[in-house]
Amino acid sequence: MNRFELARPRTVAQARELLAEKKGAALKAGGIDLLDHMKEHLVEPSRLVDLKAVPGLDQIIAEADGSLRIGPLATLAKVAAHAGVLKTHPALARACGEAASPQIRNVATIGGNLLQRPRCWYYRLESYRCLKKGGDVCYAVSGENRYHAIFGGGPSYAVHPSNAAVPLVAYGASLVIDGPKGPRTVPIADFFVSPTKDPEREHSLAAEEVLTEIRVPAGAGLKSAFDEVRERQAFDWPLVSMAAALKMEGGSVKEAHIVLGAVAPVPWRSSRAEQALVGQPLNEASATAAARGAIVGAAPLSDNGYKVGLVQTLVRRTLLALA
Ligand SMILES: Cc1cc2nc3c(=O)[nH]c(=O)nc-3n(C[C@H](O)[C@H](O)[C@H](O)COP(=O)(O)OP(=O)(O)OC[C@H]3O[C@@H](n4cnc5c(N)ncnc54)[C@H](O)[C@@H]3O)c2cc1C
């Protein structure tokens, strides 16, 4: 690992200054993903700007109207155990509580979780100059692709790695970002970048911007859940995950948000599954129809066709559990 300088700002404004003033400076939250990148020589920052010293950035506020304001430095463990989050947004608590291992969840932050880079083995290996690193090949296409995208893939097929992003998209959260032109708020669904737009990025945060808050609209009256399938119950990323947020009226689904994780380069909203639910009671028939809808358009690579069956099973199972 190269030598670097460590800076501990006390405000977001100082953090931005420290970031802008030195070429190659990088923000650090829990450091789980950043340090992995540094150890693999994928990034070599000249200065680490440690956001952990900024007071208040780790707060979670459950507002009286049932909405949440979550500081990006709140750890995954803190989000998972927060009484307000558990009460109004259980899918978010579960997604954070299932990620990684207890040790990692105690350090990793929700902001860093949204901004972590993909786990594709070709991307993570220094010797492969893949599309994500400015090369012109996605090695997964003709290589080892069992963990890669079955939706929205191409030209890069790495899947989005964040558990937290999946329920946050389902809940219609937005992100508050502070930058040189002042703060801006972006719907989280618009924040993630498809590889067709830019294969080298997964999100639209600019180099000198800081994520300062995650806002989650009120969850009252919603039925919501998160579930996932892993190869083993250990510190693995899911093979497939999903979040559902359903607004019910008179025993029927009035509005449905179904989002799939680990199957596409961005959290994948399944409009066909949503259409199958709206106007229907939540039961065996509608859950089965939604599960069928969820796999429409899947385009597996050579080794990841098994994900299609997993999606169908997970969608049906999660909706039936909610029913
Ligand atoms: C063994 C293992 C298993 C894992 N399993 C899972 C899993 O199942 N599901 C899952 O979702 N994740 C999993 N992870 C990933 C882990 O959850 C993330 O690496 C972690 O959440 C990143 O958060 P961090 O605070 O450490 O971020 P950091 O590593 O500090 O930062 C990550 C990136 O975000 C940027 N950044 C951080 N905060 C801000 C901010 N406020 N503003 C602007 N930029 C910022 C940093 O500059 C960096 O580029 C696993 C990791 C490991 C090592």
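List of remarks:
- Per-q log10 I(q)/I(0), segment 81-142, q = 0.14, 0.23, 0.25 Å⁻¹ (Debye; single scatterer per alpha-carbon; no solvent): -0.59, -0.93, -1.01
- Pairs exceeding 18 Å between alpha-carbon atoms, taken from K223/K254; K28/K132; K87/K247; K52/K132; K39/K78: K28/K132; K52/K132; K39/K78.
- With the charge dipole of the chain set up from +1 on Lys and Arg Cβ and -1 on Asp and Glu Cβ about the Cα centre, the Cα lying farthest toward the positive end among the listed residues I110, T313, F235 is that of F235.
- Angle in degrees between helix 12-21 and the longest Cα principal axis of the chain, rounded to the nearest 10: 60 degrees
- Entry note, the chain: relative contact order of 16 percent, from Cα contacts under 8 Å with a spacing of 6+ residues.
- For segment 14-72, Kirkwood radius (reciprocal of mean inverse C-alpha pair distance, Å): 13.2 Å
- For the chain, accessible area per residue (1.4 Å probe, heavy atoms of protein chains only), Å²: 44 Å²
- Dipole check for the chain: with +1 at the C-beta of Lys and Arg, -1 at the C-beta of Asp and Glu, and the Cα centre as origin, the magnitude is about 160 Debye.
- You can think of it this way: the chain between S252 and S194 has 17.6 nm of extra reach, that is 0.36 nm per residue less the Cα-Cα gap.
- Overall dimensions of segment 20-169 by Cα: Rg and Dmax, Å: 17.2, 52
- Value of Rg to Rh for segment 137-182, rounded to two decimals, is 1.16; Kirkwood radius and Rg both from alpha-carbon coordinates.
- Estimated from helical segments only, the mean residue ellipticity of the chain at 222 nm is -8000 deg cm²/dmol, where each DSSP H run of four or more residues counts as -39500 (n - 2.57).
- Carbon + sulfur, % of accessible area of the chain - ligands and nucleic acids excluded, 1.4 Å: 52 percent
- With only Cα atoms counted, segment 95-219 has Rg and Dmax values of 15.5, 46 Å.
- Percent of Cα-Cα distances greater than 21 Å, calculated over segment 152-234: 43 percent
- R232 paired with A13, simple spin-label distance in nm, labels 7 Å along Cα-to-beta-carbon: 5.1 nm
- Separation in nanometres of the label points that stand 7 Å from Cα toward Cβ, at A218 and A285: 3.3 nm
- More than 15 angstrom apart: percent of Cα pairs within segment 215-323: 61 percent
- GNM result for the chain, Cα springs below 10 Å: residue of L205, L277, L246 fluctuating most strongly: L205
- Kirkwood hydrodynamic radius of the chain, from inverse mean 1/r over distinct Cα pairs, in Å: 20.1 Å
- Pairwise Cα inverse-distance average, inverted: Kirkwood Rh of segment 250-307 (Å): 12.2 Å
- Relative packing of peptides 180-190, 292-302 - highest average C-beta neighbours within 10 Å first: 292-302, 180-190
The values are calculated or read from the model by the stated rules, or taken from the named source; none is laboratory data. Predicted model only: the values in this text are computed from it and were never measured. FYI the Cβ positions are ideal-geometry reconstructions off the backbone, even for glycines, and counts take in every protein chain you see. Please note that ligands, DNA and RNA were not included when accessible areas were found on the heavy atoms of the full protein model with its side chains. Shrake-Rupley method; radii C 1.70, N 1.55, O 1.52, S 1.80 Å.
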